[in-house]
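The values are calculated or read from the model by the stated rules, or taken from the named source; none is laboratory data. Note that this is a predicted model, so its numbers are computed, not measured. Because the Cβ atoms are built from the backbone with ideal geometry, glycine has one as well, and the counts that use them run over all protein chains shown. Surface areas here come from the heavy atoms of the whole protein model, side chains and all, with no ligands, DNA or RNA. Shrake-Rupley method; radii C 1.70, N 1.55, O 1.52, S 1.80 Å.
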Amino acid sequence: MSAITIAIADDHPLFREGVSRSLSEIDNFVVVGEGASGDDATTLATSHRPDVLLLDVSMPGGGIDAISDILARSPQTKVLMLTASEDVDSVAAALRRGAAGYIVKGIGSRGLAEAIRMVVGGSRYISPSMRAKVEKTLLDRPASLTPRIELVAGRFTNKQIARRLDLQEKTIKHHMTEILSKLGATNRTEAEIRWRQGAQGEIAQRRRRRRTG
């Protein structure tokens, strides 16, 4: 198995050095660089093109803001957030910008190694304590409602929808049940019809308000 190269960006030297030392002791893991800011993270990505870049959220320059630049300079690098923040909006923002995972500090070296291997293998990793809340947040965003309904209208299976939204199939099943309940529908076809009728009704109401406003 070829070595997995890792870079670490965190503005707490003691924590950063501890993570670096722990990962260096694991077979096939090679720490190629360290930094303390968003700019450092971008430089690490440009100079070393690591397989994985561990990135803190709260540090000079902002970790989340650095994700786009990191991926632009090293598209093959998997950005894995490693932070004390359990803010769901931060998780969602990081994932939308291209992060491959989000880990809450306090994880052991064995768990961190497993998460690194998962994202290198093409999977997404989110700390178990955050996963359910994050998936619900991503699905409940108003901006994502239309594409979800369009997927239903396109007659995609739960598995296909899960793959396209990068979520677990059981999560799609749960929220599909909620969608049917909220729309008072017994199946997907009826849900699509009721949703479109509701959308058309809202458009008609806005037009009437503009005419009488």
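A probe of 1.4 angstrom, applied to the heavy atoms of all protein chains, finds GLU86 with accessible area near 100 square angstrom.
Three semi-axes describe the equivalent ellipsoid of the stretch 78-136; taken as square roots of 5 times the Cα gyration tensor eigenvalues and ordered largest first, they are 16, 13, 10 Å. As a calculated quantity, the FRET efficiency between ASP87 and SER47 at R0 = 30 Å, using C-beta atoms, amounts to about 0.50. With R₀ set to 22 Å, the beta-carbon distance separating ARG97 from ILE193 gives a calculated FRET efficiency near 0.05. At the residue level, HIS48 shows approximately 90 square angstrom of accessible surface with a 1.4 angstrom probe and all protein chains present.
Using R₀ = 25 Å, calculate the FRET efficiency as 1/(1 + (r/R₀)^6) where r is the Cβ-Cβ separation of THR177 and THR157; round to 0.05. Efficiency, rounded to the nearest 0.05: 0.95.
Near GLY61, the amide H atoms lying under 5 Å from its own belong to GLY38; only residues 5 or more places off or on other chains count, and H is placed 1.01 Å from N. Only protein heavy atoms count here; on that basis, with a 1.4 Å probe, PHE29 has an accessible area of about 10 Å².
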